[in-house]
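The values are calculated or read from the model by the stated rules, or taken from the named source; none is laboratory data. In this text, all values refer to a predicted model and were calculated from it rather than measured experimentally. Cβ atoms come from the backbone with ideal geometry, glycine included; neighbour counts cover every protein chain shown.
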Amino acid sequence: MKKGADWENAISGAMTRLNTTTPHTIAKTEPPVRIVKYQEKGLFLAVFTATGMCDFEGAYKGTPVCIEAKQISHHRFPITLAKHNKIKAHQVERLNLTLEMRGISGLLIRFMPKDREPAAFAVPWVLRRIVMEDGMKSFCMDDLPGQGATPIKNPAAPTAEELEGFFDLCAALARAEARR
């Protein structure tokens with residue numbers, strides 16, 4: 001299982017609960033793969049055939065959604081495109097495109113530093129541009145609340161209500177960004 005898969009599964013569970021209360025169709029996306037060989041008991045050997053989409057895509061109340069879930073073992077999350085960064089160019093492209101369409105675009109980041117308590121935040125994608133314009137190259141878990149990110153109360157799993165509030169905030173920020 002890939003690092004951060006439990007974080008993605010927790011978010012997926014909250015998305016499922018949200019589905020029962022609001023009109024949306026947001027799905028966990030899987031990277032495109034080609035099965036090379038069946039091994040046993042439902043296990044397969046597969047290879048990636050292309051770069052994948054963001055972790056969650058769909059629509060919320062008729063608005064396009066693109067959300068990338070990330071888990072990191074440090075207190076800083078790099079936001080620039082560099083060789084070893086956590087966010088890849090194709091993910092940045094999809095997040096930017098969704099924002100340009102006045103869609104809901106953002107990150108759900110869980111920080112798991114060894115020297116402090118874990119924390120999770122819902123980060124509207126527009127904050128990346130604002131922080132980069134200020135010359136910063138990363139989100140710091142200590143600074144995110146003051147920058148407009150929403151803390152997730154239980155870093156093990158967001159609630160459906162937290163996701164709904166995050167989506168509404170991102171939609172409002174996307175409309176404001178379009179007027180900019």
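General remarks:
- All helices (runs of 4 or more DSSP H) inside the range 115-180 with 1 or more residues being touching a residue at least 40 places away in the same chain (Cβ under 8 Å): 126-133, 160-179
To keep it simple, each residue is scored yes or no on (1) over 18 Å from L18 (Cα atoms); (2) in contact with a Ser or Thr (Cβ under 8 Å, 6 or more places away or on another chain).
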residue	(1), (2)
R102	yes, yes
R116	yes, no
V126	yes, yes
I130	yes, no
A157	no, no
E162	no, yes
G165	no, yes
A176	yes, no
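- Qualifying residue in the range 2-9 (condition: out of contact with any Lys or Arg (no Cβ under 7 Å at 6 or more places or on another chain), modelled with pLDDT under 70 and exposed (fewer than 15 other Cβ atoms within 10 Å of the Cβ)): yes
- Only residues that are in a helix (DSSP H, G or I) and touching a strand residue (DSSP E or B) at 6+ places or on another chain (Cβ under 6 Å) were counted across the range 5-31, and they come to 5.
- Complete set of residues in the range 10-28 that are of a type outside the set (A, V, I, L, M) and either farther than 21 Å from I152 by Cβ or modelled with pLDDT of 75 or more (or both): S12, G13, T16, R17, T20, P23, T25, K28
- Residue in the range 135-142 that is more than 21 Å from I11 (Cβ to Cβ), of a type outside the set (S, T, N, Q) and touching a Ser or Thr at 6+ places or on another chain (Cβ under 7 Å) present: yes
- Any hit, the range 102-116, residues being among the polar types (S, T, N, Q), more than 24 Å from A59 (Cβ to Cβ), in contact with a helix residue (DSSP H, G or I) (Cβ under 9 Å, 6 or more places away or on another chain) and surrounded by 15 or more Cβ atoms within 10 Å (Cβ to Cβ): no
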